[in-house]
Structure formats: structure tokens, C-alpha cells
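*Asks:* What follows is a structure written as C-alpha cells; I'll ask about it next.
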Amino acid sequence: MDEIQTPCDSNSCSRHPLPDFHVLFTQAAADGFCSSGKEQEKWKILRKNPNGFRFGLGLFFLLLNLVTIRPVLSQDWDGVVVTQADFQSLQAFKQELDDPKGFLKSWNDSGFGACSGGWVGIKCAKGQVIVIQLPWKGLGGRITDKIGQLQALRKLSLHDNFIGGSIPSSLGLLPNLRGVQLFNNRFSGSIPASLGLCPLLQTLHVSNNLLTGAIPPTLANSTKLYWLNLSFNSFTGSIPMSLTRSVSLTYLDLQHNNLSGSIPDSWGGDATDQNRVFQLKLMALDGNLLSGIIPASLRKLSELQVVSLGHNRLNGGIPEEISRLSLLKTLDVSNNFLNGSMPQSFDSLRNLSVLNLSRNRFNGQIPANLGNISTLKQLDLSQNNLSGEIPASLAELEGLQSLNVSYNNLSGSVPSALAEKFSASSFVGNIQLCGFSGSTPCPSPVPSLEAPAPPPESSVSRHRKLSTKDIILIVAGALLLVLVIVFFVLLCCLIRKRAASKEKGGGEAAAAAAAGAARPKKDVPLTSSEVEVGGGDAGGKLVHFDGQTVFTADDLLCATAEIMGKSTYGTVYKATLEDGNQVAVKRLREKITKSQKEFEAEVNILGKVRHPNLLALRAYYLGPKGEKLLVFDYMPNGSLAAFLHARGPDTSIDWPTRMKIAQGMTRGLCHLHTHENNIHGNLTSSNILLDEYTNAKIADFGLSRLMTAAASSNVIATAGALGYRAPELSKLKKANTKTDIYSLGVIILELLTGKSPGEAMNGVDLPQWVASIVKEEWTNEVFDLELMRDASSIGDELLNTLKLALHCVDPSPSARPEVQQVLQQLQEIRPETTPSSGDDGAGGGPPPSTSE
């Protein structure tokens, strides 16, 4: 969406185009943050002579360009005091709001300083208020109806607060209103139809509230409206047909509401509108109750780049006309009831990057010409009724980063290039498909040669009498066989006797990792009363995957252990084997895992995941009483959370180390998303582990697949309490790639600030605290003091990383980048010198070996 423009409040502002994802900084775009040419010139002067100024001052000017924030208080005052009418309206506005943090203390009772910069969040022109900008202030209460008396008001920005009540209908009385940003609040009721009376309205962003009712058709009367985001509310009714005829509308986000009915088939207007160019570039309608067919009139939207219609009730097929959208980059129609065959004209979409047709009822074969779309990066055709072979042309897509054709009726062999590039989870569920893993080899051709018939036995030899020599040999062989049987009987008795003696004498000092008796004292064996040694009468089952540490069930159960920590999943032990090797053992809590059959199927997939930045699952153990243990590599440097927040005062962490950790965990998450089709769902700094070289390794990935639905929901709630949960999870209850990106952004902020997301920072979470500091122009206070010592040499890297992290924690999921883009930008900010070390390749491991 290289052409989408953000609104500005003055003609001197320069507009910033958005990048290729849905929205770059939805917040910045919606608020109209812009930087002037004068500020850019000042920064150039500073860059020529950096030693002549303090770094803090340099950060200020660079930030104006990077984060594109132009503070209200930096505007020059024209010398005109606030008018009496506007002063009275502001006083009424203040009285209706709750201000627990005292941000509005500067709004005095005399009106002094209201227009000269003395009142927080107020900007005037000729004595009339033109901007009210108070985001992230912890405000509650409601908006007074008297706001309609501010006749010169251009922008109202109150997002990320706790304001409730209804949106005042008096806003429709403001002839100069251009932008309304009220997202991430608690507004209820419906959207006033009077907003369509604002002739200059450009942006309306009210996502993530409690709004209900129908979407007013009158909104399209604002002929300059180009940004409409009503997502994550509870709107009902149908999509207004008037929106389909809006020429100015560029960004339409209605996802995750309760909209019903069919999608209007009047996009692009009628015959009278043939000479008009419709600007719509993004259409996000997923997560509603929409039915009917995909309208063919979408072909008229020549600028369309993103179409997201997933999680609805659409039926029919994909219209062939969709191939006329030459600029289309993302097409997502997953989780519907679409059927028929895939269009053969898909290869006309030369800019297509993401194609998601999963969880529908498509049949027929996969078109071979999909291999002609050289820009394709993600292809998901899973859980349909597709048949035939996987086209070999897909293997020629060098940019393809994610492929999923699982659970169809595909047959034949998987092209070798695809089998090597993607894991088995991309192909499972196709009974007649082979060649994608070691356990599904393709059958070899049956040889046609027949074995020669044995020669006929001589009748003479059948009737020949046994000689004395033959009798002696037979008797000797029988005696030898008896001796062998007796020997094995005695050996078995001896083994049983020793095992019984060992159990009787050492029953109180066995099974540190398996018993689960959580003793806090270090190096004290845990009891083995709950688990018997593998191979015994009631032994468990130990399954090994690849790895350097080889151990038996006896070794594991007799290891000494100490508790490393407890989580929602269970307890983690550091287990020291008899040979001195150390492993980490996670004992899963009882009654939260799936049935044993489902558990084994999922854990065998997880055991094959290998990447230098993912913690490898080396083995698992199933005890006779239902105990479930997971064995991982032991990481000597512990978690990133402890590395950052539990170190001594004399221990410092330099910027190269922090950036190395950020790049490593991003690379691991990228492998999860693109190669394993795996959502982490609980990414925190406690789940980022560090080896002896401080290489980051993501832990606990895929564990949600082993758990019941209730246990997974509990994990998401815990992540929210720690400050890592994306805001939309309060409604969705199901993690996705965008929620993982939010958590990744929080961890990057944690690396930059040295602060834990669980700390109390004026009652707001870490992303809100950082954003508020940035808005107040105290950016140097954001960074950890240890990093500021080298600010003169790494200042640009710090600020670029801060900008990227704020992008990742954008409140709007569609505005967050994909993990591949995050990794690319981190590598551009600080190119890597050496790759991460580790013994794990990117491919999957060999089939497991089982001992019982």
C-alpha cells in the first residue's frame, strides 16, 4: 500500500506513504503525525557536526523524522488568547472526564495559557481550539456534548484511555473536523449518523471499543473520508451499500464484528461511475457473520491490494474476475464454506504475496500455473478437498516461505525440493501422499523376477535310515538347546532379584525428574514412587529424538534434580545425569494435556522441529500412572528475563549482545511461522533462553498443541497478566501470528529499556509507557542507562530499533509487520557478523527411536 497517505493538520506537513503491510504505524497514520521540512533541515545540520551537541538533543530531532511525531506544544503561538466560548467548552469537557493521574491540572479556571502551550494537549489558531490530543493519559469518564461548540476543531485524539459512554452526536456539528481517533477505549452505543455531516472528515478510527448497532450509511456522505476503522466492536446489520460507492475511501477495516448479510455487489459504482478511479486499497471484513458469494464487482477496485474475508460464512466459488486486480498482494478467504475448483487465472495476479484458501471445501487439482506467481511467499490450501498431485512448479518459487497443503485428498510424491524446505506438518492428512518425511516413503517398484523352484527331494533320501553319527548329532543339539534355555531362565531370575533388591534399598533416592515431588533443595534426588523404571513390570515409555545426550529411562529416573521454575504448563527441573550431563526436564501438570494418543501424535511432530534459535525437544517420557515429561537441552545462562532483571549491579549488557538476542529470537519465530505453521501464543522473555554464547533459543513453542483448550486459554490469560498479551486477545481468545509479533515487540522494548513489562509504570503497560515518553520528547529517558553510555556511536541503531518495536506493538493487528519483515529490518539496523551457533539445523530431525 505504497500510496496510502496519512492526514496532516497543516499544509506545511509532508505526507508519509505507508509500506507494504496493511498499515505502517496505524497510530501515526490515524493521528496525522507529520514532520516539517525545517525540522529535517535541522537534523541534517546536526548530523554534519555531531560532536557539537549533546546526544539527547540529537535524539530529539532524529525522532521527529523516525517516529513522525510533531508535538502540540512545539507550535508557535499566534498571540491570540482563547475565546470565551471555547474556554467554556473546554471546562465542560474537563469536568466530564476522570483524570486520576492529573494530566489536566494545567487546565486552569482562568483560561490563561490555553492557546500558548500551557494546557496539555490543546492547540489553537486565532483563539479557537483546533486540536485536542490526549492519548495514553489514563483518562476515564465520558465526552461532553458541549464539544460540538468548538466550531474550529479539526482533530480529536483520545485513543488508548478508559473513556466510556456514547460518542456525542454533536461532533457532526463541527464543519472543520478532519480526524477522530477514539480507538482502544470503552465507548458504547452506536456511531452517530451525524458524523456524515462533517464535510472535511478524513479519518474515523474507533476500533477496540464496545460499540454496537448498525454502521450508519451516512458516513459515506463525507466525500473526503479515506480511513475508516471500526474493527473489534460488536456492530450488527449489513455493510452499508453507500460505502461501496465512496471514491475517496482507501482503508476499510470492519473485521471482528457481528456484521451479517451478504457483501454488497456494487463496489466501484454503476455505469455512471466508469470514469472515476476508486481508491480502496485495503478491505478487511474477516471475523464476521457474512454470507453469500464473493462479489464479482471487486474487479472494479483497480487499486485494491489487500482482501481479507476469512472467518465468515461465504459460499460459492472465487470469481474469475478477481484475477483482474493486478495490484493485489494479499487474498485471505480462509474459514468459510467456499467450494468449486481454484481459478486457473490466479497466475494473472503478478504481485500476489499471500494466498490463504484454508478451511473451505475447494475440490479439483491445484493449478500448476500457481508456480508462475514469482512474488508468492505464503500459500495455505489446508483442510479442503483438493486432489491430484502437488504441482512441481511450486518448487520453483524461490520466495515461497510458507506452504501448507495438509488435510486434503492429495496423492503421489511430494516434490523433493518442497519436502526438504518444509516440515511434515505442511503435508500431513493426505493418505495417498508420500515422500515428505522418513515415515512416509514412496513405495519402490516390485521386482518381477521369480525365485527358482527348489529341486525335488529324492525319494531315496526320504527313506534312508539314520546313521549312528546322525543320532549323536541330534542328541547333542537337543542337550545344547536345553542348556541355553536353562541359562536364560537363571539369568532372568537373577535380573528380577537384583531389580527387586534395588527397588527395596533405593526407593527413596530415585527418579528426580519423573517423580514430580518438588523439593527445593539442590542436588537432592526426588522420589520415584510415581514412576517405575522403563523395562520393569509396570515401566514407562521413553522416546528419543536426535541429540548429543544419550540416556536410558534408568538414567533419567535416577538423576538428581533441582527446581528451576514453575509455569502454567508445569514444573521445570535441572536434571544432572550419572555421567555428568545436564538436561532440562519439564513435568507437565496433570489433567491439562490431551489424551495419550493425541499427545504422542503432536509431541512427535514437535520433536522433529530443529533450528539454531529454537530449544530442541530431545526426548519425552510417559509414566505408568500418566506422568508426562519433556526433556530439553539445558541452557546455562537461563532465561532472558533473569539475564536482564536478575543480574548483579556490576554486570552490564552491551548493545551488540542485546541486538544479537533480538535477532536470534526473531529468526526462531520466523522459522516457526513460515516453516512449521506454528503459533507460539505465549512468547515472553521468560521463554527466551540463552546458551553459553548468549544465543537466544525460544522455548515452550507448540506446547499449546499438547494441552486442552481450557489450559491454552489459561496460558493466554497469564501472558496478559505479565504484559505480553496483544490487546485483541481479550476478545479473540486465540493467538495468531500478529499476537506473536506484539509479544516480540514487547520483548524488544524490554531489551531497549531494561524494564520488565510486569513493572508498574504510572499505571500503564510497557508499550504505552514508551509511547508516552516518546510523545513528551524525552526519548533518551526510554533507553537503559547502560546503553546511553555509548549513545554517540549507537544512537541511530537505538532509535531505529525503537521505531520497529513500536511498529510491532501497534494496537491494530493489521498494522503490525510480518516476522520476516521484522527480521529484515533488524539485520539492516545492525548487520550480523557471525551466525548463531548451535547443533540444530533448520530441517526436521530423523524419526524417533523408542524404548519401552
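The values are calculated or read from the model by the stated rules, or taken from the named source; none is laboratory data. Predicted, not measured: the structure shown is a model, and the values here were computed from it. Note that we place each Cβ from the backbone using ideal geometry, even for glycine, and neighbour counts take in every protein chain shown.
*Asks:* Taking the conditions exactly as written (in the same structural domain as residue 659 (by TED's automatic domain parsing), surrounded by fewer than 23 Cβ atoms within 10 Å (Cβ to Cβ) and of a type in the set (S, T, N, Q)), does residue 792 satisfy them or not?
*Replies:* Considered against the rule, which asks whether it is in the same structural domain as residue 659 (by TED's automatic domain parsing), surrounded by fewer than 23 Cβ atoms within 10 Å (Cβ to Cβ) and of a type in the set (S, T, N, Q), residue 792 comes out as yes.
*Asks:* Which residue, of 382, 402, 358, 353, is touching a His at 6+ places or on another chain (Cβ under 9 Å) and either buried (at least 20 other Cβ atoms within 10 Å of the Cβ) or modelled with pLDDT of 95 or more (or both)?
*Replies:* 402
*Asks:* Picking from 85, 114, which residue would you name as being among the small types (Gly, Ala, Ser), modelled with pLDDT under 95 and either part of a helix (DSSP H, G or I) or within 22 Å of residue 203 (Cβ to Cβ) (or both)?
*Replies:* 85
*Asks:* Suppose we keep only residues that are surrounded by 20 or more Cβ atoms within 10 Å (Cβ to Cβ) and over 28 Å from the mean Cα position of the chain (by Cα) within the stretch 253-267. Which one would you say is nearest to residue 208 (Cα to Cα)?
*Replies:* 263
*Asks:* Let me ask another. Report yes if some residue within the stretch 746-761 is closer than 27 Å to residue 423 by Cα, of a type outside the set (Phe, Trp, Tyr) and at pLDDT below 85; otherwise report no.
*Replies:* Within the stretch 746-761 (the criterion being closer than 27 Å to residue 423 by Cα, of a type outside the set (Phe, Trp, Tyr) and at pLDDT below 85), the answer is no, since none of the residues qualifies.
*Asks:* While we're looking at this one, here's another question. Residues to consider are 218, 236, 250, 223; find the one that is touching a residue at least 60 places away in the same chain (Cβ under 8 Å), among the polar types (S, T, N, Q), surrounded by fewer than 24 Cβ atoms within 10 Å (Cβ to Cβ) and closer than 30 Å to residue 261 by Cα.
*Replies:* The conditions single out 250.
*Asks:* Something else: For the stretch 84-105, what are the residues that are touching a strand residue (DSSP E or B) at 6+ places or on another chain (Cβ under 9 Å), closer than 24 Å to residue 136 by Cβ and small (Gly, Ala, Ser)?
*Replies:* 89, the sole residue that qualifies.
*Asks:* Can you tell me which residues in the stretch 807-824 are within 19 Å of residue 667 (Cα to Cα) and either touching a Ser or Thr at 6+ places or on another chain (Cβ under 6 Å) or touching a residue at least 24 places away in the same chain (Cβ under 8 Å) (or both)?
*Replies:* 807, 808, 809, 816, 817, 818, 819, 820, 821, 822, 823
*Asks:* Of everything in the stretch 349-372, what is out of contact with any Lys or Arg (no Cβ under 7 Å at 6 or more places or on another chain) and assigned to a loop (DSSP other than H, G, I, E, B)? Give them in sequence order.
*Replies:* Across the stretch 349-372, the qualifying residues are 349, 350, 357, 358, 359, 360, 366, 367.
*Asks:* Suppose we keep only residues that are among the β-branched types (Val, Ile, Thr) and over 18 Å from residue 331 (Cβ atoms) within the stretch 247-304. Which one would you say is modelled with the lowest pLDDT?
*Replies:* Here the answer is 272.
*Asks:* Just for the stretch 132-159: of the residues that are within 22 Å of residue 101 (Cα to Cα) and touching a helix residue (DSSP H, G or I) at 6+ places or on another chain (Cβ under 6 Å), which one is surrounded by the fewest Cβ atoms within 10 Å (Cβ to Cβ)?
*Replies:* So the residue we want is 144.
One line per residue, one yes/no per condition, for (1) modelled with pLDDT of 85 or more; (2) buried (at least 21 other Cβ atoms within 10 Å of the Cβ); (3) on the phi > 0 side of the Ramachandran plot:
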{"residue": "658", "(1), (2), (3)": "yes, yes, no"}
{"residue": "675", "(1), (2), (3)": "yes, yes, no"}
{"residue": "680", "(1), (2), (3)": "yes, yes, no"}
{"residue": "689", "(1), (2), (3)": "yes, yes, no"}
{"residue": "694", "(1), (2), (3)": "yes, no, yes"}
{"residue": "704", "(1), (2), (3)": "no, yes, no"}
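*Asks:* Given the conditions (1) in contact with a helix residue (DSSP H, G or I) (Cβ under 7 Å, 6 or more places away or on another chain); (2) not assigned by TED's automatic domain parsing to the domain that holds residue 822, which single one is not true for residue 590?
*Replies:* Result: residue 590 fails condition (1) only.
*Asks:* Considering only residues that are in contact with a helix residue (DSSP H, G or I) (Cβ under 7 Å, 6 or more places away or on another chain) and assigned to a loop (DSSP other than H, G, I, E, B), which ones fall in the stretch 405-439?
*Replies:* Within the stretch 405-439, 405, 406, 415, 422, 423, 435, 436, 437 meet the criteria.
*Asks:* Restricting the search to the stretch 806-827, which residues are assigned to a helix (DSSP H, G or I), modelled with pLDDT of 90 or more, surrounded by fewer than 24 Cβ atoms within 10 Å (Cβ to Cβ) and not aliphatic (A, V, I, L, M)?
*Replies:* Listed by number, the residues that qualify are 820, 821, 824, 825, 827.
*Asks:* Touching a residue at least 40 places away in the same chain (Cβ under 8 Å) and closer than 20 Å to residue 602 by Cα: which single residue out of 430, 404 fits that description?
*Replies:* Sole residue among the options that is touching a residue at least 40 places away in the same chain (Cβ under 8 Å) and closer than 20 Å to residue 602 by Cα: 404.
*Asks:* If you don't mind, another one. How many residues are crowded, with 21+ Cβ neighbours inside 10 Å and over 27 Å from residue 281 (Cα atoms) if we restrict to the stretch 361-379?
*Replies:* 1
*Asks:* Considering only the stretch 124-136, I want to know if a residue exists there that is of a type outside the set (A, V, I, L, M, F, W, C), at pLDDT 90 or above, assigned to a helix (DSSP H, G or I) and not assigned by TED's automatic domain parsing to the domain that holds residue 789.
*Replies:* Among the residues of the stretch 124-136, not one is of a type outside the set (A, V, I, L, M, F, W, C), at pLDDT 90 or above, assigned to a helix (DSSP H, G or I) and not assigned by TED's automatic domain parsing to the domain that holds residue 789, which makes the answer no.
*Asks:* Okay, moving on. Please state which one of 387, 393 is assigned to a strand (DSSP E or B), farther than 24 Å from residue 289 by Cα and either of a type outside the set (Phe, Trp, Tyr) or modelled with pLDDT of 95 or more (or both).
*Replies:* 387
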